[in-house]
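Read the structure below first, then the notes.
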């Protein structure tokens with residue numbers, strides 16, 4: 001999967017064979033590639049074409065690669081530079097970095113080494129280009145959603161199409177991917193934006209109370225009902241109701257929700273009269289509803305009613321270049337909120353954050369960045385500041401002599417640490433309920 005398939009690269013080398021190899025390999029990955037056999041030719045291309053990344057040889061007749069790097073740094077702030085040379089010395093690397101080369105690749109190199117170095121350079125370019133909007137915390141973000149990857153752009157396009165319709169929407173995605181943000185984006189970019197947006201966590205309300213919370217109740221309907229009270233559907237009349245964790249609704253509640261979808265009417269608990277409501281319904285789940293339908297745990301007719309428009313949010317590990325974009329965003333956000341001095345993340349920390357699989361997705365990342373800024377003893381975050389499960393470990397990476405229980409216990413500890421001990425959020429990330437989590441914590445002696 002190409003992550004920067006529109007990037008434009010300029011390769012500069014006095015060796016025709018080297019240029020032919022670079023052009024062939026990089027073109028095969030979808031990059032747009034220009035070539036130049038000397039610095040003068042390269043400068044003409046830079047003047048006439050928007051170049052994202054320059055790969056330049058170190059030693060060339062006439063003007064050297066180091067001079068080209070310095071020229072680019074002083075004249076093309078939105079262009080990245082990578083040095084490629086057969087003269088791989090420490091001094092050469094240091095000099096290239098001082099002049100502004102982000103990567104230093106020694107000949108001969110493998111295709112994998114080339115592609116990895118190019119992606120790292122483009123990662124840094126992408127992050128630097130984004131810095132201009134970070135001081136205002138992404139004023140131009142898509143209704144609070146941050147992302148420039150192709151996967152998120154598809155989500156944005158679907159949101160735009162769904163916004164001005166009245167069709168029900170089913171949002172699917174792992175825990176922490178931002179399902180409520182997507183629901184809010186649909187509401188606030190549509191014609192119902194001036195009406196209420198009511199979010200309901202179906203998994204957070206006890207089954208015995210969910211019906212009365214959704215549809216309201218009459219005075220005297222049950223013990224404690226000392227007055228008549230409207231429910232979430234009445235509150236959302238004219239606007240949108242967001243049913244999060246819809247998979248947690250019982251089968252009996254699913255029947256009632258299906259009736260609302262079909263008739264646009266609700267009946268308060270303790271009443272025999274129905275009320276018309278004009279409510280757009282958006283539902284979300286981190287579970288496979290089709291599988292639950294097969295198991296008889298979710299009504300098929302309700303599933304089809306909800307799934308008129310489906311928006312699948314990709315997990316963070318599949319969003320490529322968005323990872324570092326979000327890191328920078330949360331750094332700026334919490335520096336501002338906490339009033340803390342600027343904190344610099346070491347390159348190896350950024351690399352670790354990029355490679356980590358983020359089982360809790362964007363929510364987990366936000367918690368991690370906030371904690372790193374809060375707990376940092378100085379203005380630079382090093383690898384040792386990261387949680388243990390994010391750092392490289394020979395035992396953890398290669399130790400295949402551990403039991404499944406040991407691996408599971410380590411993962412549960414890591415997730416709990418990342419959510420500051422919040423068992424409900426940890427259970428959501430792990431894909432289990434709170435009762436199962438408590439049992440596993442007791443079994444493994446996790447405090």
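Couple of notes before you dig in:
- Checking each residue in region 316-342 for being surrounded by fewer than 19 Cβ atoms within 10 Å (Cβ to Cβ) and in a loop (DSSP other than H, G, I, E, B) picks out 339, 340, 341, 342.
- Leading residue by the ranking (modelled with the highest pLDDT) among those in region 88-117 that are in a loop (DSSP other than H, G, I, E, B) and crowded, with 18+ Cβ neighbours inside 10 Å: 101
The values are calculated or read from the model by the stated rules, or taken from the named source; none is laboratory data. All of these numbers come straight from a predicted model, not from anything done at the bench. Heads up, the Cβs are rebuilt from the backbone with ideal geometry, glycines too, and the neighbour counts pull from every protein chain shown.
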